[in-house]
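Colleague: Dumping the structure here so I can ask a few things about it.
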Amino acid sequence: MGSPAELAAAALMILGFPALMLAALVPSVPAFAAAAAVTYLADHYLHRKGSYLVNRLSKVRAGLSIRFLIRQLLLILLLARLGFADDLVYYGAIACFIAFYGLQAPHGALVTLIRNRRRMPVATRNVDLASRIRIPDAPPRRLLHRSAEKMLHLDVAAVVGILVSAALESAVAGFIGIGVTVGLGCLYVVALVPYVRGRKVPPNAETVLAAVDDWLGEYRPETVLYFSGSKDSAYQVNMWLETMEQLDSKPLIILRERVILNNLAPTTVPVICVPGGVHLMNMDLSNVRVALYAANVGKNIHLLRVPTMKHVFIGHGDSDKLASVNPYSKVYDEVWTAGRAGRDRYAIADVGVRDDDIVEVGRPQLAPIQGWDGVPEGRIPTVLYAPTWEGWDGNPGNTSIVLAGENIVKKLVKADPPVRVLYKPHPFTGTVSKEAGAAHRRITALVEQAATERAADPRFQVDSAAQAAAQAELARIEARLAELSGKGKGNGKGNGNGRGDEAEATRDGLVDIARHEEVARLRAEWNTAYWRSFGSHEHRVITGAEPRLYDCFNVSDAMVSDISSVVSDFIASGKPYAVTDSAELGVEEFKRQNTAVRAATILSNSAGELGELLDAVRDPAADPLAEDRGDLKRYLLGPDEPTSIEQFNTAVANLAIKAQTRNVGQESRAAAGAAGAELAAVPGQRMSAAGDDVTA
């Protein structure tokens, strides 16, 4: 519903219109002016905040244009009630508002036309199209950003002038205001006209697509990462970006939704966003030999239909959830899993994926996860609680946060000897279940209260100077990162990030390698400074993209989580971990159904078993599950040598050979077929009785 300030602004705006009507009927110019000011300011505030409430108003026929129209009609009513019905300013006001609304149509049409013409059929990053086609600068930001609101607010001059005329009983101010409103409206429309014609318009779709094909022919990509999904699923493709950058073959990323392109993390890999299925199917991808798919979605069919490449499902996580053995996976030539466990899952699920089509490649994304030799001397253990979200089906086994979360955190913050708690919930927590959202808020309050109490505990000393230095370092790094990303600077044209719009972002989207490397270095420095900016004993709630989950893994000595890829990934560290049996299946059944928990401490919803996990952390030599974790790590994630990225590159190369072999075979068969057809077309010969050739 928005923030309290947004709710207050919405209430003031809604109540302001009855106040306007009452002021018009009384009539009272000062009261009308005050109520009008409130509605204008509240409306502007809500639009500036991008409030959800503004969008809801349009759904109940109280949209932006209607609100302005009602205010203008009430102003006409005020003039009538004040006895101005026969005065020239009264007719001037009516003519002004009719003309003003007459300007809305061409204004809206021009804005829509400009936006449509600047929407590229194919948007790109790290693709040099500027040398092939001319893409003009985006229109100035002031013309298109919140354009409808800006246009409608031009009526302020007329409203103020007419109110002054009503108060002073002089038409001069009214006509000045009317002239300013109509004049500015006309100028706004005229200012848009140049951007729908001539050299300010980007090339048409055919030209852009031809330029992309020309680039593809020159670049000759060999391995494609293909992705389609909602805006919330961008993380599924982002997790593969570093792997794509490390491929031995030439990589390319193909996206299907603009919203995914906008949420894509920085990368040096060329990216092509092709929203139209027909455009994708007509694109020249004849050099591609391997296509990688991170999600099972319907739009995959647009690339799966291409026979000259081999298609592989690589997924976006490796866990014991049903999504990891989706029957849709049968459509791919191969399915790549991290280790033997993934292969066995498909065998047990019996969903039609052949064992011969499964390849174990490890998890290249896990390279940043560090190993563990016990808690460093002088530091108390850190336990990460990273529950997954509630899912769509209401299964109580999806997440521990509702039934067990508070019990887990209460026991951790009260542990003796003490431990530090890091709470990092899944970003989707509470999006489906109100109970999960409420539990998250209670857990957050528990952790923050425990942090406050610990800060007052004399046993936990802090190095104030070191923390201040780390915080200053954080501020410096964040300022530099903001400078590199262009945030807050803008260029007067775009969305404030240095890119005017989709067309301009496509034109200027070539990555600056030096800047990219500096950003990567600064992010690593930011992570180090972040953990130094508060005490190693301090409980912490961690939300948002930074620090990343793997960074939390590296500063933790143990983890509590649920059945998800988080558990499989954490196993790469070799550290003790616990998983909650929220559905209360029982330890043996829980382990039977979920491979990743076979070396875990199994928690009931009461979390009474947490002591076993903490004992293993405090004394690694007495850890009964240490050997089991090593065996499970190899089973789930494959061997440490060769490295996962080496395994991945080998799998790509092997499959590319299969694709090329298939294509050569097809060409040979086609050539043989054509030769046979040519021979069949030659006229037959028959012999005469004397043995002479006679043409048939």
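The values are calculated or read from the model by the stated rules, or taken from the named source; none is laboratory data. Just so we're clear, the structure is a prediction, and the values are computed from it rather than from any experiment. Cβ: placed from backbone, ideal geometry, glycine included. Neighbour counts: every protein chain shown.
Colleague: How many residues does segment 396-447 contain that are assigned to a loop (DSSP other than H, G, I, E, B) and among the aromatic types (Phe, Trp, Tyr)?
Modeller: Here the count works out to 1.
Colleague: Is there a residue being part of a loop (DSSP other than H, G, I, E, B), closer than 30 Å to Ile477 by Cα and not aliphatic (A, V, I, L, M) anywhere in segment 555-577?
Modeller: Yes, there is a match, as at least one residue in segment 555-577 is part of a loop (DSSP other than H, G, I, E, B), closer than 30 Å to Ile477 by Cα and not aliphatic (A, V, I, L, M).
Colleague: Let me ask something else. Identify all residues within segment 216-236 that are in contact (Cβ under 8 Å) with a residue 40 or more places away in the chain and either buried (at least 19 other Cβ atoms within 10 Å of the Cβ) or in contact with a Gly (Cβ under 9 Å, 6 or more places away or on another chain) (or both); write none if there are none.
Modeller: Passing the criteria: Leu216, Pro221, Glu222, Thr223, Val224, Leu225, Tyr226, Phe227, Ser228, Gly229, Ser233, Gln236.
Colleague: Of everything in segment 12-29, what is farther than 11 Å from Arg81 by Cα and touching a Lys or Arg at 6+ places or on another chain (Cβ under 7 Å)? Give them in sequence order.
Modeller: Hit for segment 12-29 is Leu20, nothing else.
Colleague: Identify, by number, the condition in (1) part of a loop (DSSP other than H, G, I, E, B); (2) crowded, with 21+ Cβ neighbours inside 10 Å that Ala85 doesn't meet.
Modeller: (2)
Colleague: Contact list please: Cβ distance under 8 Å, first residue in segment 594-614 and without any contact (Cβ under 8 Å) to a residue 12 or more places away in the chain and farther than 12 Å from Thr580 by Cα, second residue surrounded by fewer than 23 Cβ atoms within 10 Å (Cβ to Cβ) and not hydroxyl-bearing (Ser, Thr, Tyr), pairs at least six apart or on different chains.
Modeller: Nothing qualifies.
Colleague: Sticking with this one: Identify all residues within segment 36-63 that are small (Gly, Ala, Ser) and closer than 24 Å to Gly161 by Cβ; write none if there are none.
Modeller: Scanning segment 36-63 gives Ala36, Ala37, Ala42.
Colleague: Among the residues of segment 413-420, is any within 24 Å of Val617 (Cα to Cα), basic (Lys, Arg) and in contact (Cβ under 8 Å) with a residue 60 or more places away in the chain?
Modeller: Checked against the condition, which is being within 24 Å of Val617 (Cα to Cα), basic (Lys, Arg) and in contact (Cβ under 8 Å) with a residue 60 or more places away in the chain, segment 413-420 yields at least one hit.
Colleague: Of the conditions (1) hydrophobic (A, V, I, L, M, F, W, C); (2) touching a Pro at 6+ places or on another chain (Cβ under 9 Å); (3) at pLDDT 90 or above, Val306 fails just one. Which one is it?
Modeller: It fails just one condition, (2).
Colleague: Which one of these is among the β-branched types (Val, Ile, Thr), farther than 30 Å from Asp357 by Cα and not assigned by TED's automatic domain parsing to the domain that holds Val290: Val597, Val587?
Modeller: Val587
Colleague: Return yes or no: is Phe590 free of Cβ contacts under 8 Å to residues at least 24 places away in the same chain, of a type in the set (A, V, I, L, M, F, W, C) and either crowded, with 20+ Cβ neighbours inside 10 Å or not in a helix (DSSP H, G or I) (or both)?
Modeller: Against the criterion (free of Cβ contacts under 8 Å to residues at least 24 places away in the same chain, of a type in the set (A, V, I, L, M, F, W, C) and either crowded, with 20+ Cβ neighbours inside 10 Å or not in a helix (DSSP H, G or I) (or both)), Phe590 qualifies.
One line per residue, one yes/no per condition, for (1) charged (D, E, K, R); (2) modelled with pLDDT of 95 or more; (3) under 30 Å from Arg523 (Cβ atoms):
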{"position": "Glu222", "(1), (2), (3)": "yes, yes, yes"}
{"position": "Leu225", "(1), (2), (3)": "no, yes, yes"}
{"position": "Ser230", "(1), (2), (3)": "no, no, yes"}
{"position": "Leu252", "(1), (2), (3)": "no, yes, yes"}
{"position": "Thr267", "(1), (2), (3)": "no, no, yes"}
{"position": "Pro270", "(1), (2), (3)": "no, yes, yes"}
{"position": "Cys273", "(1), (2), (3)": "no, yes, yes"}
{"position": "Val278", "(1), (2), (3)": "no, no, no"}
{"position": "Val290", "(1), (2), (3)": "no, yes, yes"}
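Colleague: Give the residues of segment 171-209 that are at pLDDT 90 or above and on the phi > 0 side of the Ramachandran plot, sorted by residue number.
Modeller: Of everything in segment 171-209, nothing turns out to be at pLDDT 90 or above and on the phi > 0 side of the Ramachandran plot.
Colleague: Which condition number in (1) farther than 19 Å from Ile314 by Cα; (2) modelled with pLDDT under 95; (3) in the same structural domain as Ile301 (by TED's automatic domain parsing) is the one that Met239 fails?
Modeller: Just one mismatch for Met239, condition (1).
Colleague: Pairs under 8 Å by beta carbon, first residue outside the structural domain of Leu75 (by TED's automatic domain parsing) and within 15 Å of Tyr91 (Cα to Cα) in segment 159-171, partner among the hydroxyl-bearing types (Ser, Thr, Tyr) and assigned to a helix (DSSP H, G or I), six or more apart or different chains?
Modeller: Cβ pairs passing all conditions: none.
Colleague: Can you name every residue in segment 331-375 that is among the small types (Gly, Ala, Ser) and closer than 21 Å to Val652 by Cα?
Modeller: Ala338, Gly339, Ala341, Gly342, Gly362, Ala367
Colleague: Right, next: Would you mind telling me which numbered condition in (1) part of a loop (DSSP other than H, G, I, E, B); (2) within 18 Å of Leu241 (Cα to Cα) Leu292 fails?
Modeller: (1)
Colleague: Output the number of residues of segment 611-640 satisfying the condition of being over 33 Å from the mean Cα position of the chain (by Cα) and within 23 Å of Ser565 (Cβ to Cβ).
Modeller: The qualifying residues number 9.
Colleague: Select from segment 374-412 the residues that are free of Cβ contacts under 8 Å to residues at least 12 places away in the same chain and acidic (Asp, Glu) and write down the one among them that is nearest to Pro620 (Cα to Cα).
Modeller: Glu377
Colleague: Turning to a different aspect of this structure: For the list (1) over 27 Å from Ser170 (Cβ atoms); (2) without any contact (Cβ under 8 Å) to a residue 24 or more places away in the chain, I need the number of the one condition that Leu7 fails.
Modeller: With respect to (1) over 27 Å from Ser170 (Cβ atoms); (2) without any contact (Cβ under 8 Å) to a residue 24 or more places away in the chain, Leu7 is out only on (2).
Colleague: Which one of these is over 26 Å from His426 (Cα atoms), hydrophobic (A, V, I, L, M, F, W, C) and in a helix (DSSP H, G or I): Leu655, Leu632, Leu636?
Modeller: So the residue among Leu655, Leu632, Leu636 that is over 26 Å from His426 (Cα atoms), hydrophobic (A, V, I, L, M, F, W, C) and in a helix (DSSP H, G or I) is Leu655.
Colleague: A follow-up question, please. Please find, within segment 529-587, the residue that is farthest from the chain's Cα centre (by Cα) out of those that are polar (S, T, N, Q) and surrounded by fewer than 20 Cβ atoms within 10 Å (Cβ to Cβ).
Modeller: Ser536
Colleague: May I pose another question? How many of the residues making up segment 554-563 are of a type outside the set (Val, Ile, Thr) and farther than 15 Å from Leu603 by Cβ?
Modeller: The number of residues fulfilling the criteria is 3.
Colleague: Please find, within segment 88-124, the residue that is surrounded by the fewest Cβ atoms within 10 Å (Cβ to Cβ) out of those that are small (Gly, Ala, Ser) and either more than 30 Å from Arg258 (Cβ to Cβ) or more than 26 Å from the chain's Cα centre (by Cα) (or both).
Modeller: Restricting to residues being small (Gly, Ala, Ser) and either more than 30 Å from Arg258 (Cβ to Cβ) or more than 26 Å from the chain's Cα centre (by Cα) (or both), the top hit is Ala105.
Colleague: Further, regarding this structure: Condition (residue is in contact (Cβ under 8 Å) with a residue 24 or more places away in the chain, assigned to a helix (DSSP H, G or I), surrounded by fewer than 20 Cβ atoms within 10 Å (Cβ to Cβ) and of a type outside the set (Phe, Trp, Tyr)) applied to segment 125-141: is it met by at least one residue?
Modeller: Yes - at least one qualifying residue is present in segment 125-141.
Colleague: Then there's this: Within the group Asp581, Asp551, Asp569, which residue is in contact (Cβ under 8 Å) with a residue 24 or more places away in the chain and either among the aliphatic types (A, V, I, L, M) or in contact with a strand residue (DSSP E or B) (Cβ under 6 Å, 6 or more places away or on another chain) (or both)?
Modeller: Exactly one of Asp581, Asp551, Asp569 is in contact (Cβ under 8 Å) with a residue 24 or more places away in the chain and either among the aliphatic types (A, V, I, L, M) or in contact with a strand residue (DSSP E or B) (Cβ under 6 Å, 6 or more places away or on another chain) (or both), namely Asp581.
Colleague: Also: Provide a single number: the residues in segment 418-446 that are among the β-branched types (Val, Ile, Thr) and either buried (at least 21 other Cβ atoms within 10 Å of the Cβ) or in contact with a Gly (Cβ under 6 Å, 6 or more places away or on another chain) (or both).
Modeller: Count: 4.
Colleague: Restricting attention to segment 150-169, report how many residues are farther than 13 Å from Val29 by Cβ and not in a helix (DSSP H, G or I).
Modeller: 2
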